[in-house]
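Q: Sharing a structure below in structure tokens format, with a few things to ask.
The values are calculated or read from the model by the stated rules, or taken from the named source; none is laboratory data. Remember, predicted model here, so these are calculated numbers, not experimental data. Ideal geometry is used to build each Cβ from the backbone, glycine not excepted, and the neighbour counts take in all protein chains shown. We work out accessible area using only protein heavy atoms, side chains counted, and drop any ligands, DNA or RNA first. Shrake-Rupley method; radii C 1.70, N 1.55, O 1.52, S 1.80 Å.
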Amino acid sequence: MTDANGAPAEAAPQIRMQVLAQYVRDMSFENMVAQKGLQGGDVQPDIQVQVSLDARKRSVEHQYEVITKFKVTSKNKSGAAETLFLMELDYGGIFHVENVPEEQMHPFLLIECPRLLFPFVRRIISDVTRDGGFPPLNIDTVDFLALYRMELARRAEAQKAAQPVQ
């Protein structure tokens, strides 16, 4: 590739990303069946998974912290729709990221970084639900790109609604 003057064009520097650390920031699991002594008759679980993301720059150059927050609720479809269990997990990662253009950093942190953390989150949720007395829950893969786009659309709508009508 050459530029307009015929000189070789500079290739964009290659993106460099390294996971420096992963950790459980906060986790809770509540087994309502055991706590309330719910009857184990006709149980048809309805599982709902809510995901939220947060990212921030750390004081060290090129370092970012990304937190994935999962809230998993299982309710019984039949009867009074009692909660069977509730699990909340905040799982974080510290990433070293270089050569990502500033305007692309936000989507990079909220799409690519959570994608790398997700297999570990899935395993923790599976292990904790099993250890909590339920069948292991293997949550479906999360489409972090779609999640990011939905959040951008939600923010745009909120900003539009906040503007006064003239």
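Q: Which of the residues belonging to region 139-155 are surrounded by 11 or more Cβ atoms within 10 Å (Cβ to Cβ), part of a loop (DSSP other than H, G, I, E, B) and of a type outside the set (Asp, Glu)?
A: Pass one, region 139-155, residues surrounded by 11 or more Cβ atoms within 10 Å (Cβ to Cβ): 139, 142-145, 147-152.
This time we only want the ones that are part of a loop (DSSP other than H, G, I, E, B), so: 139, 142-143.
ILE139, VAL142, listed by residue number.
Q: Would you check if VAL19 is hydrophobic (A, V, I, L, M, F, W, C), surrounded by fewer than 18 Cβ atoms within 10 Å (Cβ to Cβ), in contact with a Pro (Cβ under 9 Å, 6 or more places away or on another chain) and at pLDDT 90 or above? First the steps, then the outcome.
A: Working: hydrophobic (A, V, I, L, M, F, W, C): yes; surrounded by fewer than 18 Cβ atoms within 10 Å (Cβ to Cβ): yes; in contact with a Pro (Cβ under 9 Å, 6 or more places away or on another chain): no; at pLDDT 90 or above: yes.
So VAL19 fails the test.
Q: Please state which of the following conditions SER74 fails to meet, knowing it meets all the rest: (1) at pLDDT 95 or above; (2) polar (S, T, N, Q); (3) assigned to a strand (DSSP E or B).
A: Of everything listed in (1) at pLDDT 95 or above; (2) polar (S, T, N, Q); (3) assigned to a strand (DSSP E or B), SER74 misses just condition (1).
Q: Is at least one residue of region 105-118 in contact with a Phe, Trp or Tyr (Cβ under 9 Å, 6 or more places away or on another chain), at pLDDT 95 or above and over 30 Å from PRO13 (Cα atoms)?
A: For region 105-118, residues in contact with a Phe, Trp or Tyr (Cβ under 9 Å, 6 or more places away or on another chain), at pLDDT 95 or above and over 30 Å from PRO13 (Cα atoms): absent.
Q: Residues to consider are SER74, SER52, SER78; find the one that is open to solvent by 50 Å² or more (accessible area, probe 1.4 Å) and not β-branched (Val, Ile, Thr).
A: Numbers: SER74 fails: open to solvent by 50 Å² or more (accessible area, probe 1.4 Å); SER78 fails: open to solvent by 50 Å² or more (accessible area, probe 1.4 Å).
Only one candidate qualifies: SER52.
Q: So GLN104 ticks every box in (1) in contact (Cβ under 8 Å) with a residue 24 or more places away in the chain; (2) not in a strand (DSSP E or B) but one. Which box is left unticked?
A: (1)
Q: Regarding GLY93, is this residue open to solvent by 50 Å² or more (accessible area, probe 1.4 Å), touching a residue at least 24 places away in the same chain (Cβ under 8 Å) and in contact with a helix residue (DSSP H, G or I) (Cβ under 8 Å, 6 or more places away or on another chain)? Outline the logic, then answer.
A: Values: open to solvent by 50 Å² or more (accessible area, probe 1.4 Å): no; touching a residue at least 24 places away in the same chain (Cβ under 8 Å): yes; in contact with a helix residue (DSSP H, G or I) (Cβ under 8 Å, 6 or more places away or on another chain): yes.
Considered against the rule, which asks whether it is open to solvent by 50 Å² or more (accessible area, probe 1.4 Å), touching a residue at least 24 places away in the same chain (Cβ under 8 Å) and in contact with a helix residue (DSSP H, G or I) (Cβ under 8 Å, 6 or more places away or on another chain), GLY93 comes out as no.
Q: Considering only region 82-97, how many residues are of a type in the set (Asp, Glu) and at pLDDT below 95? Give the derivation first.
A: Going residue by residue through region 82-97, those that are of a type in the set (Asp, Glu) are 82, 88, 90.
Now drop any that are not at pLDDT below 95, which leaves 82.
Residues that pass the stated criteria total 1.
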